[in-house]
Amino acid sequence: MVNAVSPGILGSSPGASKINPTSRTFPEQVWGWLACFRSVHLAITLLTLLMLGVFAGVMIPQEGLVELADIKTQFGENYRVMKAMGLFNVYSSYWFLTLEVLFFFNLLFGSFQWLRPAFLAAVRKEFSGPEHIRVSPRHFWVRSCQPAGDLCESIQQIFKKKGYRVWVSSKSGPWRLYASKASFSRLGPAVAHFGILCLLLASVYGAFTGFTAQKLAVPGETFSFSAVDRMMPKMDPPFWQGTIPDWQVTVQDFNVDFYEDRPETVRQYFADLELTNNREQTLLAQKQISVNHPLSHGDVTIYQASFAPTGKLFMMINGERKTVEVNTNFQDRPISMTPIGQPEDALSLVVFPFFVKQDPGVKANHVRVFLHQGGSFVGASQGKMPQNLKLFEGETKTLNGIQVGFIKPEVATGLLIKKSPETLWIYLAFAIICIGTVMCFFSQRQIWVALEPPSEPSDFAKGESTASHTLYFHWKTNKAHLSFNKELDALKQTIYECVQPKTEQGVTP
Amino acid sequence: MTTFLEINEMQWVHLGVLLLIGSLFLYVLRTLNTSKGLWYTAWSLLAGTVACLVISITLRSVEAEYFALSNMYESLMVLSIGMMMAFLALDRWFGLRGLGWPVCLALLVSVGYATTLPTDIHPLQAALQSYWRSIHVPVILLSYSMFTLSFISSIIYLVKAYWGVDKHQPLVSVSGGRMGGDMLTQSLSHQVFSHDLEADLKQRAEQQQSAITLAESANIYDEITYRCISIGFPLLAIGIILGGLWANEAWGNYWSWDPKESMSLVTLLAYGIYLHLRVNGEHSAKTLAWVSVGGYIMMLITYFGVNLMGLGLHSYGKIG
C-alpha cells in the first residue's frame, strides 16, 4: 500500500503515457511520427538558430538599411558568397524562412502535446491519504487533541484566508483536503504558445491580402488608390489575393507645426484628409492626421509618413490665391519670378524666400517681394534698395498698389496607405500572448492535508496518546520556491497555533 | 537656507548618489554582520535613493512638460529606479545578504554613467509624441531592471559554484529535478524533508534567538535568477508587443526589422532559451547561469550597442 502513491502528489511527467506500438491507431501513429517536431530539444535548437539569425541580421549590413554600393565596398570579393547565403537579406532568406516554418510546426505540435497535461494539472483535484503523504519527500505532521470537526474546519479556514481554493474529500475514510493557488498558471505556456501561433497565422493572412502604398500629395490634390505610384501588395501575384478599394483621397491641407520657443524644430505634421468612395462619391471619413494619429476606415489606414518641400510658395496676389514656383536664380539665390497683370505690362512679382536653414523649403521665415518691369526692379536707383515688402507667413501688404500676401511655402505630404485585414487578429494574438506570459509568472501552489484519526495510530504516533489526531501536510510548487517557503513558514506557525490545546476555552488535552 | 522646493533635479540626483554610496557601504558591512539594524539602515538609504531619483525625474518631467523618458540619461535613471525598487522588494522578502552590495555597485555605475551624459531637455520629435511612449518604454526598462538583477544573481551563483563553499556540492537546477527543489527547500526554511512541526518550530525559534543564519546556498541565487527572468521575460514580451502596437500607429508597421527591434527579439529569444532549458530539466544550474549571462550581454547590446550605432528608426535613443 505504501508504494501506491497518487500521481497527484509526486507528479507525473506530462505526455509520458506510453502507448503500445502494436495497438496504436493511425492518428496515434501519425502523432508518433511527429514526435521530433514537438520536442523541447527542437524548440531550444530553433530558438538558438533564430536568435543567431536575427543577430546576424543586426550585425551584418542589410540591403534596404545600407546602400548596396557601400555593402559591396565593405565586403569586396566575399560579397557574392555572402549574398548567395542570404546574409544581406537575412529576414527574407530561404534559411531564415525555413527556420520560421519549422518553429511554427514545433509550436503547433508542442502546444498540442502540452495542452492536455497542463489543463489536467490546472483542474485536477486529487486527494491524498496519510499513507500517501507519509512517503512523499516533502511533508510534515502535527498532532492535536481538538475534536476532529473543529480541527478540519480550522484548517480549511487557514488556507482560505491565505487565498487558497480548498476542496474537501466527500468520500468515506479519513478526512482529506486539497488546497491550491494560482492553478491557472499551468496553462500560461500553452496560452502564450497559442498566441504566437495566432500571430504567425494572422501575419500570413495579412501577407496574402494586405498592401501598402505611398503617395506624395500637395494640398488640394485628389488621387485614387488605384492610381498611386508605389502600390506594393505584400506578395507577388498569383499568391496575392487582396483587393484594392475603389476609394480616393483628397488632401485638403498640409501644415508643418514648429515649436514656438524653437522655431527650427518641428513639433508635428498635420494633413487634412477626406476619404471618399469613387463610385458613389460618398464621404467615407474625414480627419486631420498627424504622426501617431492616422485615419482608419475599415481595414484601411492612412498614415502621415513623410513630407517634401515642393519649392513653391502659396501667395495671395490682389486677393487671388496663387502658387508661385521658385523657378530662377538671382545672384545665386533661388527666387520666384511670376508674371502678373497684363502681358503687355511685362510686370513680374519677384519673391525672395528666406528659409530656415535647418528645414529648407518647409519653413520660410519670411519673404521679400519686389516688382520687376522692363528688365529692372521697380523703384530701383543707384545705391538704393528697390521698393519691396518683407512678409511673414500670413501677412498681407500693398506694394505699388498691388496687394501681396504670403500664405506659406507649399509642402507635399508623404502618405502611407495600408490595407491590413489581419489587424483584428494581430491584436487578439497580442492580447493572448500578453495574458499567457502574465499567467506564466504565477506559480501553482498545492497543499494536501490528511487527518489520521486516533483509532489508527500511525508509526510516528506510536507510544503517544491515542486520543490525539495526526494531521499530515504535503506541499508542492512548480516555481517560486523562495516565496512559497516563506508562505509555508507562516502557514506552519498558524497551523501550530491553531492545533494547540485551548485550555482557557475548556478544551483539555 | 535652501528649502526642499528649491533643490533642482540634478541636486536630487547628487543627493541620491550620496545615499546610494552610504547604502553600498552598509550592504558591504552586512556581508560580515547579521545585525538587523544594519540591514534596515542599508535598505532605508536605498529607498531614500529611489525617492531622490523619482523626485528628480518628476521635476524634470514638469520642466519638460512631458514624461521625461526620451533620451539615454532619462532612460538610465528610470532603469536604475526600476532596479532599485525590484531589489528593495527582493531584499525585503528574502533578505539575501550577498546580493545587496553588488546591486548597489551596479546602480552606482548606472547612475554615475547617466550623470556623464548630456542632460539637456529637448522638445519631443513628432514620432515620440504618443501615450505609447509612457507605456512601452517603462515596461521595457523594467524588464531590463529584472534582467540586470538576474545577471548579478547569476554571477554570484557562478562565483559560489566555482570558487565558493558550494563548489563540491551537487548544484542542480531547482526545476531540473525534484531533488533540486528539495535541497532548496531544506536550505531555505531549515526543514528536514519530513518532520514534526512542533520540533521544527522550536528549533527555528532557537536559531533566531541565537542569531544563527545559514550560509546562503548557491541554489538560492539560481532561484533568484529564475524568478527575475520569469518576471523580466513577460515584461519584455509585453514591452515588445506594446512597441509593435505603437509602431503600427506611428509608422504603419508592427515590425520593421529595425536594429533595435531585432536586438530586442534576440534578447527575448535568449531568455526564451533559458526558460525552455529550465523546463527541459536536463541542464545544470551552471549552464543556466551562463545562458542568463549570455542573455544579459544581448540585452546590453540592445540597450547600448544599437544606440551607439545610431541606426534605424530608434536612432533618437542614441547616446550623446
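The values are calculated or read from the model by the stated rules, or taken from the named source; none is laboratory data. What you see is a predicted model, and the numbers here were worked out from it, not measured in a lab. Every residue, glycine among them, receives a Cβ derived from its backbone with ideal geometry; neighbour counts consider all protein chains shown. Surface accessibility is based on the protein's heavy atoms, side chains included, excluding ligands, DNA and RNA. Shrake-Rupley method; radii C 1.70, N 1.55, O 1.52, S 1.80 Å.
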Check your understanding: Within the stretch A:229-267, can you find the residues that are within 14 Å of chain B (Cβ to nearest Cβ) and over 22 Å from A:H366 (Cβ atoms)?
Key -> A:R230, A:M232, A:K234
Practice item. Determine whether the stretch A:385-405 contains at least one residue that is part of a helix (DSSP H, G or I) and either of a type in the set (K, R) or touching a Leu at 6+ places or on another chain (Cβ under 7 Å) (or both). Key: no
Review point. What number of residues within the stretch A:268-279 satisfy the criterion of being without any contact (Cβ under 8 Å) to a residue 60 or more places away in the chain, within 14 Å of chain B (Cβ to nearest Cβ) and open to solvent by less than 40 Å² (accessible area, probe 1.4 Å)?
Key: 1
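Out of all the residues in the stretch A:365-400, which are within 58 Å of the chain's Cα centre (by Cα) and β-branched (V, I, T)?
A:V367, A:V369, A:T396, A:T398
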Exercise for review: Starting from the stretch A:87-109, take each residue that is assigned to a helix (DSSP H, G or I) and list its partners that are of a type in the set (K, R) and surrounded by 16 or more Cβ atoms within 10 Å (Cβ to Cβ), counting only C-beta distances under 8 angstrom and pairs at least six apart or across chains.
Suggested key: A:N106/A:R38; A:F109/A:R38
Check your understanding: Got at least one residue in the stretch A:146-153 being at pLDDT below 85, within 14 Å of chain B (Cβ to nearest Cβ) and either under 43 Å from the mean Cα position of the chain (by Cα) or open to solvent by 30 Å² or more (accessible area, probe 1.4 Å) (or both)?
Key -> no
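Do any helices (runs of 4 or more DSSP H) lying entirely in the stretch B:193-304 carry at least 2 residues that are modelled with pLDDT of 90 or more and touching a His at 6+ places or on another chain (Cβ under 8 Å), and which ones are they?
Working: elements: B:197-209, B:218-250, B:259-280, B:285-300.
Passing ranges, in order: B:218-250, B:259-280.
Residues checked against (1) among the polar types (S, T, N, Q); (2) closer than 26 Å to B:I156 by Cβ; (3) more than 7 Å from chain A (Cβ to nearest Cβ):
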{"site": "B:I229", "(1), (2), (3)": "no, yes, yes"}
{"site": "B:I241", "(1), (2), (3)": "no, no, no"}
{"site": "B:A247", "(1), (2), (3)": "no, no, yes"}
{"site": "B:N253", "(1), (2), (3)": "yes, no, yes"}
{"site": "B:K260", "(1), (2), (3)": "no, no, yes"}
{"site": "B:G272", "(1), (2), (3)": "no, yes, no"}
{"site": "B:L275", "(1), (2), (3)": "no, yes, yes"}
{"site": "B:H283", "(1), (2), (3)": "no, yes, yes"}
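Just a yes or no: is a residue in the stretch A:122-131 within 13 Å of chain B (Cβ to nearest Cβ) and in contact (Cβ under 8 Å) with a residue 60 or more places away in the chain? Walk me through how you get there before you give the answer.
Step one: filter the stretch A:122-131 for residues within 13 Å of chain B (Cβ to nearest Cβ), giving A:130.
Pick out the ones that are also in contact (Cβ under 8 Å) with a residue 60 or more places away in the chain and you get A:130.
Checked the stretch A:122-131: at least one residue is within 13 Å of chain B (Cβ to nearest Cβ) and in contact (Cβ under 8 Å) with a residue 60 or more places away in the chain.
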**Study point:** Scope the stretch B:110-129; condition of a type outside the set (A, V, I, L, M) and more than 29 Å from B:Y296 (Cβ to Cβ); matching residues
**Key:** B:D120, B:H122, B:P123, B:Q125, B:Q129
Point to revise | Criterion violated by B:V13 - all others in (1) β-branched (V, I, T); (2) in contact with a Cys (Cβ under 8 Å, 6 or more places away or on another chain); (3) open to solvent by 40 Å² or more (accessible area, probe 1.4 Å) satisfied | key: (3)
Exercise for review: Search the stretch A:221-238 for residues being touching a residue at least 24 places away in the same chain (Cβ under 8 Å) and under 21 Å from B:Y254 (Cβ atoms), and hand back the single one that is surrounded by the fewest Cβ atoms within 10 Å (Cβ to Cβ).
Suggested key: A:M235
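Restricting to the stretch B:235-263, and then to whatever is without any contact (Cβ under 8 Å) to a residue 40 or more places away in the chain and of a type outside the set (A, V, I, L, M, F, W, C), can you tell me which residue is nearest to A:K215 (Cα to Cα)?
Taking the stretch B:235-263 and keeping what is without any contact (Cβ under 8 Å) to a residue 40 or more places away in the chain, we get B:237, B:241, B:244, B:248, B:252-255, B:257, B:262.
Okay, now just the ones that are also of a type outside the set (A, V, I, L, M, F, W, C), so B:244, B:248, B:252-254, B:262.
Numbers: B:G244: 24, B:N248: 18, B:G252: 14, B:N253: 17, B:Y254: 20, B:S262: 28 Å.
Within the stretch B:235-263, the match that is nearest to A:K215 (Cα to Cα) is B:G252.
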Revision key, fill the gap. Listed by first then second residue, the pairs whose first member lies in the stretch A:326-345 and is surrounded by fewer than 11 Cβ atoms within 10 Å (Cβ to Cβ), whose partner is among the aliphatic types (A, V, I, L, M), with beta carbons under 8 Å and at least 6 positions apart or on separate chains, are A:N329/A:I335
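Starting from residues that are out of contact with any Lys or Arg (no Cβ under 7 Å at 6 or more places or on another chain) and free of Cβ contacts under 8 Å to residues at least 40 places away in the same chain, keep the ones in the stretch A:189-220 and report whichever is farthest from A:Q252 (Cα to Cα).
Initial filter on the stretch A:189-220 (out of contact with any Lys or Arg (no Cβ under 7 Å at 6 or more places or on another chain)): A:189-205, A:208-209, A:215-220.
Imposing the further condition that a residue be free of Cβ contacts under 8 Å to residues at least 40 places away in the same chain reduces the set to A:204, A:208, A:220.
Numbers: A:V204: 36, A:F208: 33, A:G220: 5 Å.
Per the criteria, the residue is A:V204.
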**Study point:** B:M83 more than 14 Å from chain A (Cβ to nearest Cβ) and either farther than 18 Å from B:V17 by Cβ or buried (at least 20 other Cβ atoms within 10 Å of the Cβ) (or both)
**Key:** yes
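Does the stretch A:168-190 contain at least one residue that is closer than 30 Å to A:G298 by Cα and modelled with pLDDT of 90 or more? Reasoning before the result, please.
At the first step, the residues of the stretch A:168-190 found to be closer than 30 Å to A:G298 by Cα are none.
Checking the stretch A:168-190: not a single residue is closer than 30 Å to A:G298 by Cα and modelled with pLDDT of 90 or more.
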Practice item. Go through the stretch A:110-130 residue by residue and tally those that are open to solvent by less than 60 Å² (accessible area, probe 1.4 Å) and over 36 Å from the mean Cα position of the chain (by Cα). Key: 5
Practice item. Kindly list, by first and then second residue, each pair from a residue in the stretch A:379-399 that is within 12 Å of A:R368 (Cβ to Cβ) to a residue that is in a loop (DSSP other than H, G, I, E, B), limited to pairs with Cβ atoms under 7 Å and residues at least 6 apart or on different chains. Key: A:P386/A:V378; A:P386/A:G379; A:P386/A:A380; A:Q387/A:V378; A:Q387/A:G379; A:Q387/A:N400; A:L399/A:Q387
Practice item. Confirm whether A:L424 is over 19 Å from A:F354 (Cα atoms), without any contact (Cβ under 8 Å) to a residue 60 or more places away in the chain and either not in a loop (DSSP other than H, G, I, E, B) or not assigned by TED's automatic domain parsing to the domain that holds A:E325 (or both). Key: yes
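Among the listed residues A:T243, A:T282, A:T265, A:T310, identify the single one that is at pLDDT 85 or above, of a type in the set (S, T, Y) and open to solvent by less than 70 Å² (accessible area, probe 1.4 Å). Spell out how you get there, then give the answer.
Details: A:T243 fails: open to solvent by less than 70 Å² (accessible area, probe 1.4 Å); A:T265 fails: at pLDDT 85 or above; A:T310 fails: at pLDDT 85 or above.
Result of the check over A:T243, A:T282, A:T265, A:T310: A:T282.
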Review point. Looking at the stretch A:469-491, is at least one residue away from chain B (no Cβ under 13 Å) and modelled with pLDDT under 75?
Key: no
